[in-house]
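Here the structure comes first, spelled out in structure tokens, and everything after it is commentary.
The values are calculated or read from the model by the stated rules, or taken from the named source; none is laboratory data. Computed from a prediction, not measured in an experiment: that's the story for all the values here. Methodologically, a virtual Cβ is constructed for each residue, glycine included, from the backbone with ideal geometry; neighbour enumeration extends over all protein chains shown. Calculation scope for accessible area: heavy atoms of the full protein, side chains included, ligands and nucleic acids excluded. Shrake-Rupley method; radii C 1.70, N 1.55, O 1.52, S 1.80 Å.
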Amino acid sequence: MFGHSVFNQQKIFAAGVALAAGVSAAVLAMNPLVAFAADHPNLVINAADVDAMQGAVEKPGRFREAFLATQSAVNRALEAPLAVPVPADAGGGYTHEQHKKNYQLMYNAGVLYQITEDPKYAERVRDMLLAYAELYPNLPLHPKRRAGATNPGKLFWQSLNEAVWLVYTIQAYDLIRSSLSDAEAKKIEQGALRPVARFLSVDSPKTFNKVHNHGTWLTAGVGMAGYVLDEQEWVEQALLDLEKSGKGGFLRQLSTLFSPDGYYNEGPYYQRYALMPFVTFAKAIENNEPERRIFEYRDGIVLKAIDTTIQLSYNNLFFPINDAIKSKGIDTSELVLGVTIAFGESGNPQLLDIAARQDQILLSGDGLKVAQALDAGEQQPYEFKSFAFRDGKNGDEGALVVLRQQADGDQALVFKPAAQGMGHGHFDKLTWQFYDRGAEIVTDYGAARFLNVEAKNGGRYLKENETWAKQTVAHNTVVIGETSHFDNNLKVANQNHPDLLFFQADDQVKISSAEIDSAYPGVRLKRTLALVNDPQSGSAFAIDLFNVESKKQSQFDLPLHYNGQLVDTNFKLQGYTDSLKALGADNGYQHLWLKARGKPESGLAQITWLNDNGRFYTLSSLVDGETELLFTELGANDPDFNLRSERSFIARRDNTRSHTFLSVLEPHGEYNPSREYTVRAESRVKALAHLRSGALELIVISTQEGTTQLLAYNRDSDIAPDIKNTFEFRGSEYRFTGRARLFQIKN
């Protein structure tokens, strides 16, 4: 069907340096690699990949199907006239989206040219690049750039998008370079590729050298351009920073932005976004300079990061902590590429399970490996684990903890004693979320942003991202005196982090504890969360113990944001039906309508809501008669309707120096409106108690059936795995080994 091309893949090096983990930047700077003449293609796709793909598209299977689908889409796009407009719009506007479409089309057309050798694909890429070569040299900074921004672009409103353009476009150029005359290549390189690379590097030193996802995209684009354009100096600068000092650059980003567990400091949403330049440039380095052993760098951090990104998801969507768009999930193009390259490097059959869920085969050598392995039925179920993903470059800046159970559904509890996460972080130390049967139950707002919707602030972050989404009251953690953690000071927040006290997971109990004493002056916050498999009901429930100690009398608020319809409370509510007022004046409180309030008597306070997944959820809390419950709805002081209408309730304890919040979240029952039945709409929890016995904390849950579930755990941060714990309860002695144990006691 298609002819097979023969490519010369031999590269002649005058000198080489192996970049294994531990080789210092200074050593590399003293021993630069001598530039070599590049063959094409030589980035993510090489000659051997092309030969294999040309044969594969002639055979039935997933790869041929992906090829035909891509070819059909590109052929339709080629029918439209070429459009390279003068930049005018911010994110989501016509010119912004057209330049995105252009680089995606150029890349896909370049791949099709390599597979089919049909000149029409190379000609469209050539013509588009020549148009950019005419346009780019005379472009000023983008008209919709943010005032005072240090990272403006020319084609796009920020240089980040310009770098994404280069990452795709340099690959497209690499794929069609052999079809160009020397004169065409010279014009494209001098008019577009080299000026863009220069603008993103020497003309943007702060962003290029920055240890941040923006810096990752810039260094990846410029480094890949260095390989294609025979500019080894660019490669070295991309790896080590413009001065080749090692204080910035791609290697420093790998060493600093990820923890030893592969957790990215800004959270899953930006980990997903940053993956593309990390894995793309890593693959280009591996294809051009395998002696650098980039996939072995820092104990295989690139592949770890891909796996961790998958782990930080539930029901195919990423946990929406920090600045996150909640609809982003594992089928995003960045993770599709990451899984594809990771499988190509590791051959891990569990990755095929994720690839099958993504249902997107890439036209590359690694994509062919994935397609052939899926066709052969080699995939194995991917194992989602309970894990404490350490934060910070050395793994000593807290953690993001994920607790999972498979009891009567699929539960996940996300506990966030993690570091701030730089500018995209939220002021939400020790917050949590809960998921059950595919749904988010205890929620996090994520980011206040309509991505690429130009009518909403040009698709950029809304002002409500600062006034609401980042504020502490927008999360499920304690607020002192209606002020946010670190008083909303990002610099202070980035310098402090919680301490993870312990984490343990076995078949019955998953538990973790953390504390922080810097979120507020003179205040110590300590929280322990457990996900417990109840042997009696066969379901899981979450236990939350939150200790607050303050040197001054203060107001303690503990919000819980929930997804569903309020069904019942076991205490009286005073509703506000004639007029609504905002709960407060600042720090996020100004956006909450106060809908109702109640003050339960001492004992058990219960709130039940119904989720769209057809299940009931009851939060049972131990209260002292002085705790007030405030029921709120988001939307106050929002004249532009930028905020979603979401519900929460806030446990408020006023004028106190110390308080312990104890709650149990219980999934139960079923509501089926189609078949018109309701089962177990009432909670099984009858009473709660919190006791202490030496180093042991005892959480006692009495049920309506007349049994007692007792969680006992050792609160000491460091204990031996075989430690023997003993306590007395109701006149009997109980013993267990290790961190925690759940006892079922008949009354």
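Annotations for the structure displayed:
- Qualifying position, being under 19 Å from the mean Cα position of the chain (by Cα), over 21 Å from residue 476 (Cα atoms), among the polar types (S, T, N, Q) and at pLDDT 95 or above, among 372, 358: 358
- Checking residue 245 against (1) under 18 Å from the mean Cα position of the chain (by Cα); (2) among the polar types (S, T, N, Q); (3) farther than 14 Å from residue 339 by Cβ, the condition it does not meet: (1)
- Screening residue 712 with (1) at pLDDT below 95; (2) part of a strand (DSSP E or B) gives one miss only, at (1).
- Among the residues of region 171-219, those that are hydrophobic (A, V, I, L, M, F, W, C) and farther than 20 Å from residue 278 by Cα comprise 175, 176, 180, 183, 185, 188, 192, 193, 199, 202.
- Test: residue in region 398-407 that is open to solvent by 20 Å² or more (accessible area, probe 1.4 Å), over 18 Å from residue 504 (Cβ atoms) and part of a loop (DSSP other than H, G, I, E, B): no
- Within region 570-624, the set of residues being of a type in the set (Phe, Trp, Tyr) and under 30 Å from residue 465 (Cα atoms) comprises 576, 589, 593, 609, 617.
- Lone qualifier among 452, 476 - being touching a strand residue (DSSP E or B) at 6+ places or on another chain (Cβ under 8 Å) and either among the charged types (D, E, K, R) or assigned to a loop (DSSP other than H, G, I, E, B) (or both): 476
- For residue 691, the conditions (1) closer than 23 Å to residue 535 by Cα; (2) assigned to a loop (DSSP other than H, G, I, E, B); (3) without any contact (Cβ under 8 Å) to a residue 60 or more places away in the chain are fulfilled apart from (2).
- Taking the criterion of being in contact with a strand residue (DSSP E or B) (Cβ under 8 Å, 6 or more places away or on another chain) and not in a strand (DSSP E or B), the residues of region 651-681 that qualify are 669, 680, 681.
- Matching option when the condition is crowded, with 21+ Cβ neighbours inside 10 Å and at negative phi, among 529, 501: 529
- Breaking point among (1) touching a residue at least 40 places away in the same chain (Cβ under 8 Å); (2) surrounded by fewer than 22 Cβ atoms within 10 Å (Cβ to Cβ), for residue 522: (1)
- Conditions (1) open to solvent by 20 Å² or more (accessible area, probe 1.4 Å); (2) closer than 27 Å to residue 279 by Cβ: number failed by residue 134: (2)
- Among the residues of region 356-374, those identified as in a helix (DSSP H, G or I) and of a type in the set (S, T, N, Q) are 358, 372.
- Summed over region 543-584, residues that are assigned to a loop (DSSP other than H, G, I, E, B) and either more than 22 Å from residue 472 (Cβ to Cβ) or of a type in the set (Phe, Trp, Tyr) (or both) total 10.
- The residues on offer are 327, 346, and the sole one that is surrounded by fewer than 24 Cβ atoms within 10 Å (Cβ to Cβ) and within 14 Å of the chain's Cα centre (by Cα) is 327.
- Looking across region 316-347, the residues that are in contact (Cβ under 8 Å) with a residue 40 or more places away in the chain, of a type in the set (S, T, N, Q) and under 25 Å from residue 459 (Cα atoms) come down to 316, 322, 332, 333.
- Whether a residue is farther than 27 Å from residue 546 by Cβ, out of contact with any His (no Cβ under 9 Å at 6 or more places or on another chain), open to solvent by 10 Å² or more (accessible area, probe 1.4 Å) and β-branched (Val, Ile, Thr) was assessed, and residue 354 does not pass this test.
- Entry remark, region 59-89: residues being over 19 Å from residue 369 (Cβ atoms) and either among the basic types (Lys, Arg) or assigned to a loop (DSSP other than H, G, I, E, B) (or both) number 12 in total.
- Region 455-496, residues that are closer than 22 Å to residue 399 by Cβ and open to solvent by 50 Å² or more (accessible area, probe 1.4 Å): 490, 492, 494, 495
- The one condition in (1) farther than 17 Å from residue 219 by Cα; (2) in contact (Cβ under 8 Å) with a residue 12 or more places away in the chain; (3) open to solvent by 10 Å² or more (accessible area, probe 1.4 Å) that residue 256 fails to fulfil: (1)
- Evaluation of residue 110 against (1) of a type outside the set (A, V, I, L, M, F, W, C); (2) part of a helix (DSSP H, G or I); (3) open to solvent by 60 Å² or more (accessible area, probe 1.4 Å); (4) within 25 Å of residue 198 (Cα to Cα) (one fails), failing number: (3)
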